[in-house]
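Reading through the structure tokens given below for one structure.
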Ligand SMILES: [Zn+2]
């Protein structure tokens, strides 16, 4: 019975991409936007990353995404993947880096979304409508 209920719960919750699917997705994005020059060897979710959305180790081609991105729109996850893919080619956030990332058409929109998430998290509780 527990197994059955777990299965039902799993069907209802929003599907989260597995690490293999994430890696395939990153490969596809690299082909689409970076002429396949960024070569991700592995992409995986991590839960120990609370101040960054993603990180990478260029020497290994490994990319890590914060689990906090799970459940966010796909274009936001794709943006973070593209951001880390671009870092496999260009370290730092100089003009070269952003020029490369311009290839992903929803960069500005995704950055706005993530800035909104951060801003909302920092908001104090909004007082009641009566203004107490
Ligand atoms: Zn970066």
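Going by what's in this entry, would residue 111 be described as surrounded by 14 or more Cβ atoms within 10 Å (Cβ to Cβ), modelled with pLDDT of 95 or more and away from the ligand (no atom under 16 Å from the Cβ)? Spelling it out, it is not the case that residue 111 is surrounded by 14 or more Cβ atoms within 10 Å (Cβ to Cβ), modelled with pLDDT of 95 or more and away from the ligand (no atom under 16 Å from the Cβ).
Of 94, 71, which residue is surrounded by fewer than 13 Cβ atoms within 10 Å (Cβ to Cβ) and in contact (Cβ under 8 Å) with a residue 12 or more places away in the chain? Walk me through it before giving the result.
Values: 94 fails: in contact (Cβ under 8 Å) with a residue 12 or more places away in the chain.
Selected residue: 71, the only one of 94, 71 that is surrounded by fewer than 13 Cβ atoms within 10 Å (Cβ to Cβ) and in contact (Cβ under 8 Å) with a residue 12 or more places away in the chain.
One residue stands out in the stretch 69-90 among those that are part of a loop (DSSP other than H, G, I, E, B) and closer than 15 Å to residue 113 by Cα: the one that is farthest from the ligand (Cβ to nearest atom), namely 71.
Is one or more of the residues making up the stretch 32-42 closer than 17 Å to residue 18 by Cβ and outside any loop (DSSP other than H, G, I, E, B)? Yes: one or more hits.
So, in the stretch 46-62, of the ones that are crowded, with 16+ Cβ neighbours inside 10 Å and either in a helix (DSSP H, G or I) or more than 11 Å from the ligand (Cβ to nearest atom) (or both), which residue ends up modelled with the lowest pLDDT? If we take residues in the stretch 46-62 being crowded, with 16+ Cβ neighbours inside 10 Å and either in a helix (DSSP H, G or I) or more than 11 Å from the ligand (Cβ to nearest atom) (or both), then 49 is modelled with the lowest pLDDT.
The values are calculated or read from the model by the stated rules, or taken from the named source; none is laboratory data. Everything quoted here is computed from the prediction, not taken from an experiment. We place every Cβ from the backbone using ideal geometry, glycine too, and count neighbours over all the protein chains shown.
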